[in-house]
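Each remark here refers to the structure printed beneath this line.
Just so it is clear, none of the values below were taken in a lab; they were calculated from the coordinates. Owing to the predicted nature of the structure, the values given are computational and were not obtained by experimental measurement. Don't worry about glycine lacking a Cβ; one is built from the backbone with ideal geometry, like all the others, and counts go over all protein chains shown.
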Amino acid sequence: MEPEVFDPDGDLIVTCTGVPFLVSSKAISLASSVLRTTLMEQKAETRIVKQEHPQTPTVILAHNCLESFRAFCNVVHHKTESLPQNPDPDYLSRLAVFIGDYCCRAAMKDRGQIWLMLLRLHDRSEEDLWKLLQFAHVLKLRKNCFEISRRLVATRLKRFRTWSVALETDCLMPDSILGV
C-alpha cells in the first residue's frame with residue numbers, strides 16, 4: 001500500500017491501524033515528546049521494521065485512532081486546509097485522548113482553540129459539553145474550560161459525582177473536577 005504523503009521529502013513511514021503515512025521525523029518528534037522518545041529509543045509500544053520501503057524506516061503506532069493521527073500530521077506538517085472546519089465533539093474527544101497519550105499539546109493547542117471558538121455551546125447536550133471540556137482541559141485552555149464548565153453546570157441538574165458519562169470517561173480529567 002502506498003503511503004499517504006504529508007511530506008514528499010519525508011524520511012519516516014508511520015503506520016497507524018494499517019495505513020502508512022510518509023512524514024518528517026523531525027516534524028513529528030518536535031511536536032510530540034512521546035514520538036520523539038519512541039523514535040530515539042524504539043520503545044516497546046512501537047517497533048521499527050523494514051517492509052515495503054526498505055530505505056525508509058517504518059514505525060507502527062500502538063494507538064488505534066487513525067483520524068486523530070491524521071489530524072496531528074496535518075497540523076505538524078502545516079496542512080491545516082485538510083483539517084475539518086467544524087469537528088464534532090466525538091472527534092474532539094478522540095483527539096483529546098491522542099493528545100494526552102502522545103504529549104503533543106503545544107502542537108495542537110492553537111488549532112484546538114480555533115475549533116472551540118467556532119463551536120456554539122448553547123445547543124449542546126451534557127455529554128457533548130463534557131467531551132468539549134475534556135478537550136479544552138487537555139489543551140490547558142483555561143478560558144474555554146471556564147466557559148464550557150459554566151454551561152455544563154447550568155444545564156446539568158444532577159450531581160456530577162454520580163454521572164456515569166463523567167465517571168466512565170474521566171481518564172483525561174483530574175478527580176477534583178468531579179469532587180471524587
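Applying the Karplus relation 6.51 cos²θ - 1.76 cosθ + 1.60 with θ = phi - 60° to the range 61-66 yields 3J(HN,Hα) values of 7, 7, 5, 10, 10, 4 Hz, where x marks Gly and Pro. A simple spin-label model places pseudo-atoms 7 Å from Cα toward Cβ; at residue 114 and residue 17 they are separated by 2.3 nm. Calculated FRET efficiency, residue 64 to residue 103, Cβ-Cβ distance, R0 = 22 Å: about 0.80 to the nearest 0.05. Taking label positions 7 Å along the Cα-Cβ direction at both residue 155 and residue 5, the computed distance is 4.3 nm, reported to one decimal. Between residue 26 and residue 81, the simple spin-label model (points 7 angstrom out along Cα→Cβ) gives 2.3 nm. A convex hull fitted to the Cα coordinates of the range 56-131 yields 101 cubic angstrom per residue.
Please work out whether the range 101-156 counts as rounded, prolate or oblate from its C-alpha gyration tensor, where a ≥ b ≥ c are the square roots of the eigenvalues and a/c under 1.5 means rounded, while otherwise a/b larger than b/c means prolate and anything else oblate?
Verdict is prolate for the range 101-156.
Taking amide H atoms as placed 1.01 Å from N in the peptide plane, the amide H of residue 59 lies under 5 Å from those of 13, 14, 15, each 5 or more residues away in sequence or on another chain. Per-residue extension of 0.36 nm, minus the Cα-Cα distance of residue 56 and residue 146, leaves a gain of 27.9 nm for this segment. Tally Lys and Arg at +1 and Asp and Glu at -1 over the other residues with C-beta under 14 Å from the C-beta of residue 81: what net charge comes out? For residues surrounding residue 81, the net value is +3.
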